[in-house]
Every structure is written in structure tokens, then in C-alpha cells.
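The values are calculated or read from the model by the stated rules, or taken from the named source; none is laboratory data. None of the values given here were measured: they were computed from a predicted structure. A quick note on method: Cβ atoms are made from the backbone with ideal geometry, for glycine too, and the neighbour counts reach across all protein chains shown. Side chains included, ligands, DNA and RNA excluded: accessible areas come from the protein's heavy atoms. Shrake-Rupley method; radii C 1.70, N 1.55, O 1.52, S 1.80 Å.
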Amino acid sequence: MKYPKRLIEVDLPIKRISTHARREKSIRHGHISTLHIWWARRPLAACRAVICASLWPDPVDVTDADIAKARADGKALEPNSCPPDFVAAAKREMAAWAGKHLNLCSPESFSRFNEISKNPAVLDDRLQLRASLLDFISDFADWDNSAKREYVETSNALTQAAHEALGGSSGTRALVVDPFAGGGSIPLEALRVGADAFASDINPIPILLNKLVLEYIPKHRNRLSEELRKCAEWIREEALKELQTFYPADPDGSTPVAYLWARTIKCEGPGCGAELPLLRSLWLARKGKRSLAFKLTTERNQRSIGFEILPNAKPSEVGKGTCAGGKATCPVCGYTTPVESVRTQLGERRGGASDARLVAVVTSKADRSGQTFRLPTTRDLAVVKNAQIELESRAAHVKGSQSLLPEGKINHLRGFFNVVLYGITTWKDIFAPRQALTLATLSKLVRELPKDITKSFEPGLEEAVKTCLALLVDRVAVRCTANCIWDATTNCIMQVFNQGQSLPARWEFAEMSPLIDSGSGWATSVEYALKVIDHCNSIPHAGHTERASATAHPLPSDSAEAIVTDPPYYAAIPYSDLSDFFFSWLKRSLEGFHQDLLGPDLTEKDQEIVSLAHRAAMYRNKDNAWFESQMGLACAEARRVCKPHGIGVFVFANKETAAWEAMLAALIDSGWIVTASWPIDTESENRLRAQGSAALASSVHLVCRPRENPDGKVVEEKVGDWRDILQELPRRIHEWMPRLAEEGVVGADAIF
């Protein structure tokens, strides 16, 4: 090859990187995933490691196996093509690291750097220099090191040295482009390691997320934190004035933290007609001796169903819920109302959230000694009724062009949006009245931030602060819907997308009190955002975010040093339909801002590269063939934007052979050639899709190069002959399988 290989084309410490990527799933404070939901966000650890290894040349450029094979074949190897300037910079940085920062080294890398600290001449051995760079990358992948000045500065120096050694001018940086930016992991890490980042996506939600992280935080830094805290506190105080009467404390001083509801139907048993609360389980808390459960009571003559709370509940004492498999069984008469009738009854009441039955209230004791559960009182019911009256009044007197609540249609995607089968057909239907009133109030307060607060803001700061506040309203909303359930094992409210990429039907739901200081309400959301800003303050400079289709990229040809991206996988995630949940509130919160992004009623769906023909009639044109053609266009655009000597990394995690064939065909047909692939374990074994399935545990990073000479002409004669490939495969597989096993890559992951 006429270009120097990058580290990622030669070696990558995937076992150590995978360990950091898995651990990151449990990181909360400061991680961008805690700012706002986005689906299938890549672990920062994997992105950081992959980008470093993609931008930095390999100082050796040939392996021992290459040398041995060449000698056996009687061939001479080409001279090492790694730029001498990068080799010199890498030696300098690794020697300095060993001399100053041994205390930061992991146990795995300590011995190597300790030896270098005693004798820097060790780095004259190019294999040792390569190993030191890979050790540094492994340690930098650790979350605990990601914001440390020493790691950031050293990685920046290496990235800049690589850029200049590969022909970049000293006044520029290497450009990393992600045309499917999503949650922003890849462009964020590109900035962290010292490159420039260009993030684009067709969906407006990722654009706002990336603008905040890539542009607003690096531009405003601590000022953004200061003003966000002030504005968020003003919103909290104003919201309390408007909403506190709808979330009152108990007479004994206890604070309600959750209200547990059950949708209801009328029992269709002959002569019954009892109001039947739909409960899948009667458990309230399952924590050993502190377990609690409902005990159902019935009055046959009055055809009524009541509740008692059973303390110290044992499994043998707790009965079954009233519904299972979509059917509902009446404890009064024993009749089972079929699925179709349950759907019909709830459908006539738009899902039944507005007239659901309050069955229990979870409170926090005044002395903070723990949680208690109690049955609802007439006072609780009166407060809820007043909230509904207030909501209706505000909706009738709303000013401006937008309705008070989201009116957008929820599309019925089979397997994803089953709520539609139960009458929840618009986004406002997914909220109970008090929840809708709360979110409408928070959204209004973001919109109406007073001028006496914002008048001292420098240019662009008001947009940054309001964007962050609007995203925090979204963060509250995910635990403030009538599709959130109470988890009896952890005693907390699960967020609305707790089953990943879907909105299943929920019979019971839990309503939080969003204005208290505990839980996942407003105060907690603000603190999480401030921690994200603080952690991202280590980012050395700002990037660029732009809304664009991956099939028509706005950048000129040959402008990117690296294309690093995680494209969508067929029908895995209906991003646009899911994100309408957030889009509807963002339109209201950010009225007057981001009109280019938030102008339509709902998100753009026609251009989104997702295969959904088998899920909904409205997407009948978006079948697998359409997906593959669009992905081919996206790969061709990525190839066009990439410099001739640049590199591409495409993340793929699909267990279907046809999907692999389509992805590889799209890459090769669009002018890329695959030079390496690395499986990095980025998934939690406990995730729902992994349990009992053959889903890949690893995300395979396909490393590609433009298939052309420096003069821009495609070199078709360089494409290998299939007979040669067949002869070569057994040897390559034999060499790689022990290495993969050593790195913990087994089963389907090793095969792919």
C-alpha cells in the first residue's frame, strides 16, 4: 500500500477496551447518556480508543508474521512507510509519559512504561513503541481517565503530530466525520483526542444533543453551568407556585414520591359490570421482610373491588394479578374478558389514562427514615380532579399557534408501538392529566424565561441555556407518562422506554412527583446536566453540528481524515417515530429557537434509512431493498468525503448473515476496501435483547480504506481473485482464532 497503516489496521487491545466499555454501562455521573435518551449510543470508551488508533500511524507498519512470510516466499518487504516525524513525536510523548505519569498507568501497562522510564532507548524498538501506544490507548479508554488533563493533552499532541506527519498543515486539525451522529459519542471523542469533529444526522433530536455537547459546552463552559443553575432554579420556584397544590404533602409531613394507578374496564361477565382494575402483579415491594403486596377484596352484591396492603408479604400469600396476556379476569365473578374487548373498552377512552384508578401512594417519611405505602384518600382523588380541571382550562385558553399538549399522531409500528391498539393514537394520550399539566408548565417556563435573567447573556448563551433546559424537560418526561411502571424489586419508577425501542401497552402505571428533590424529577435532572457539562469541560475545542442526510453530505470531497460512524441496522430501531415523543415537547419549549430543526409537526421520516415496510403500511416503500440502496448511497458519500489516504470505520452489530452481506456489498461497491475488523464488547449481558437470544455481544468495527491510488483513479486490478482468497482464508482463520479466544471473543462474535 502507498500509505502508512494506522494502528487500528495492525493491532488493537480489544479485551481491555471491552472491559472499559462494559463498565461504562453503569457510569452515571457526568456521562452524556444521563443528559437525554438516545437509542444505541456507542460507549465512549470504544469510540475514544478506536478514533485514536484510526488517526495514529503504526510505527512498525509490518508484523512479525508479515516478515516471516515474506522471507519464506523469498520476497523483500517495502521500507517502513510510517512518517519519521510521527515516530519521533510518538517516542517523545511515550518517553515523557513514562517519566512523569507512571502513577496513572494501569497494572497492565505499568511494567512497560516503568521499563521505558528507566531506559527510553527501549522505544527505538518499533514494536515496543507500538505496544506503548496501544497501552496508552487502553488506559485512556478507562472512564476514570477520560477527563484527566494528562491523557487529553498527550492524546492531542499525538493526534496533531499524526495529522501534520500525514500532510496536514500546522494550522489545521484532522477532521473526523460522523454522518450518523445519533447520541454523539463518536464526535465527542474525536474532539477529546484532539481532532475536529463534524456531526450530522437527519433527525433534529441528535442535532440538538450534539450542538449542546460539541458546540455550546466548549464555547461557554463554566458560564453555561452558572446560568443553567440559576435559570433551572427560577423554573423550579415558578413551577412550585403553579403546581404545588397538585402535589401536596401528607398531613403527617410525609412527601408523596409516586402514585400508583391501574387502568380499568367494565367486567363483561353476565350480570356483573364491576369496575375491574388491570394489574399484572399485586406486588408493591419485594425486599425480603419488607415486602408488601395488595390483597384484593370484593363485594359481590355491590360488584366492587377494593384493596388492602399486606405487610411482610410472602409469595404464597400473594395472589395473581387481574390480567395476563391481554385478558382480564374479574375477582368478583371470575369471568375473563377477552383481549379484543379490553382493547375496545380502552380504545374508546383513548387508553384509559385520564380515568384510571389510583390504587396506592408511595411516600417518603418526614424524618427520611424510608418509604411507606398507603391507600389513596378522598383528598388524593380531589387533588387529581382539580389538576384535570386546571389542564382543561389552560388548554381552552392557550395563546399562540401551538396547542397546549402534543397533538401529533403515533404511528402503529407492529412490535414497536402497540399502545395504538388501545386507543393511544396521539402523543398527548400517553400522559395522565396531572402529568400533562406538569410538563406543559415546565415547557412554558423554559419558553418564558424572563428578560431580566437573560439580558446579561453574551451572544448565543440564551440559545444554549434554553436548549439545555428544554432537553431537561424531555428528561423529566420519560418518567412522567402513563406508560411508566413501578418496579417492585427496586422501588422506583421505570422510564417509559425501559424496554428499549418500543412503547408496549401498560395496564398499570406509576406517576412521580417531579418537583421534589429526590427521584428523577427536575432537580435531579439539573444536577445530572451540570455533571455532564463539568465532565465535558475537558474537551479542548468546539466541533460542528449540522442537520443533513447521510446520502447527501454537505462537506466537499476529500475533506475528512477519518469517517467513523455507527449506521442504522435495517429495522432495529425506528428512530424518528420514537423521537416524536421528545420532538413534541421540544417544539413547545424552544419556540423561537432552532426553527430550522423544529418547524414541522413531527420529525422527518421519508429520508430516514430504516427498513419498516413489514411494520407499517405507511412505510411500504421502505423495504430491505430500499434500505440497502440508501445505505449504498450513504457509504458512497462517506467515501467521497474521505481523503484518498484517509480511513473509515463502520460499526456493525447484526447477527443476520444477509445483513452482513448487504453492509459489505455497500462498502465495496461504493469504493471502500476492508483492511481490518475488530469486535469490541460494547453490550451488557443483562440487556433485554441479549437474554435468551443470539444477539451479538460485540460491535464489530469494520476498518476501511478508499480503493484508489493518490491520483484518484480506481485500481480495479488490485481487487483480489476469489480463488486466491479461498486459499488464503484457512491460514488467516487459523492465525486469528487463538488471538480472538485470548481476547474473550467466542461463539457468534468470533464467527462474524
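Tabulated data for the structure shown
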{"read-out": "Long-range neighbours under 9 Å by Cβ, at least six apart or interchain, first residue under 15 Å from residue 471 (Cα atoms) within the stretch 217-232, second of a type in the set (D, E, K, R) and part of a helix (DSSP H, G or I)", "value": "225/534; 231/466"}
{"read-out": "Given (1) hydrophobic (A, V, I, L, M, F, W, C); (2) within 17 Å of residue 588 (Cβ to Cβ); (3) in contact with a Phe, Trp or Tyr (Cβ under 8 Å, 6 or more places away or on another chain), number of the condition residue 391 does not satisfy", "value": "(3)"}
{"read-out": "Residue match in the stretch 229-236 (condition: more than 29 Å from residue 38 (Cβ to Cβ), more than 27 Å from the chain's Cα centre (by Cα) and of a type outside the set (A, V, I, L, M, F, W, C))", "value": "no"}
{"read-out": "Residue selected from the stretch 85-105 under the condition open to solvent by 10 Å² or more (accessible area, probe 1.4 Å) and in contact (Cβ under 8 Å) with a residue 60 or more places away in the chain, by the criterion farthest from residue 60 (Cα to Cα)", "value": "93"}
{"read-out": "Residue pairs meeting the criteria (Cβ under 9 Å; at least 6 apart or on separate chains; first assigned to a helix (DSSP H, G or I), in the stretch 342-358; second among the charged types (D, E, K, R))", "value": "342/327; 345/266; 345/268; 346/263"}
{"read-out": "Matching residues, the stretch 639-648, being assigned to a strand (DSSP E or B) and at pLDDT 95 or above", "value": "642, 643, 646, 647, 648"}
{"read-out": "Residue in the stretch 127-140 that is surrounded by 16 or more Cβ atoms within 10 Å (Cβ to Cβ), in contact with a Leu (Cβ under 8 Å, 6 or more places away or on another chain), among the β-branched types (Val, Ile, Thr) and on the phi < 0 side of the Ramachandran plot present", "value": "yes"}
{"read-out": "Tally of residues being assigned to a helix (DSSP H, G or I) and open to solvent by 20 Å² or more (accessible area, probe 1.4 Å) across the stretch 610-631", "value": "8"}
{"read-out": "Any hit, the stretch 516-523, residues being within 21 Å of residue 237 (Cβ to Cβ), out of contact with any helix residue (DSSP H, G or I) (no Cβ under 8 Å at 6 or more places or on another chain) and assigned to a loop (DSSP other than H, G, I, E, B)", "value": "yes"}
{"read-out": "Every pair of residues 6+ apart whose Cβ atoms lie under 9 Å, when the first sits in the stretch 11-28 and is assigned to a loop (DSSP other than H, G, I, E, B) while the second is open to solvent by 70 Å² or more (accessible area, probe 1.4 Å)", "value": "13/108; 25/686; 28/531"}
{"read-out": "Any hit, the stretch 595-608, residues being open to solvent by 60 Å² or more (accessible area, probe 1.4 Å), closer than 30 Å to residue 403 by Cβ and assigned to a helix (DSSP H, G or I)", "value": "yes"}
{"read-out": "Residue within the stretch 416-425 that is open to solvent by 50 Å² or more (accessible area, probe 1.4 Å) and either modelled with pLDDT under 95 or touching a helix residue (DSSP H, G or I) at 6+ places or on another chain (Cβ under 8 Å) (or both) present", "value": "yes"}
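Results for (1) open to solvent by less than 30 Å² (accessible area, probe 1.4 Å); (2) under 19 Å from residue 35 (Cβ atoms); (3) assigned to a loop (DSSP other than H, G, I, E, B); (4) in contact (Cβ under 8 Å) with a residue 40 or more places away in the chain, shown as yes or no for each residue.
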| position | (1), (2), (3), (4) |
| --- | --- |
| 445 | yes, no, no, yes |
| 465 | yes, yes, no, yes |
| 470 | yes, yes, no, yes |
| 479 | no, yes, yes, yes |
| 483 | yes, no, yes, yes |
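One line per residue, one yes/no per condition, for (1) at pLDDT 90 or above; (2) of a type in the set (S, T, N, Q):
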| site | (1), (2) |
| --- | --- |
| 617 | no, no |
| 637 | yes, no |
| 650 | yes, no |
| 654 | no, yes |
| 672 | yes, no |
| 680 | yes, no |
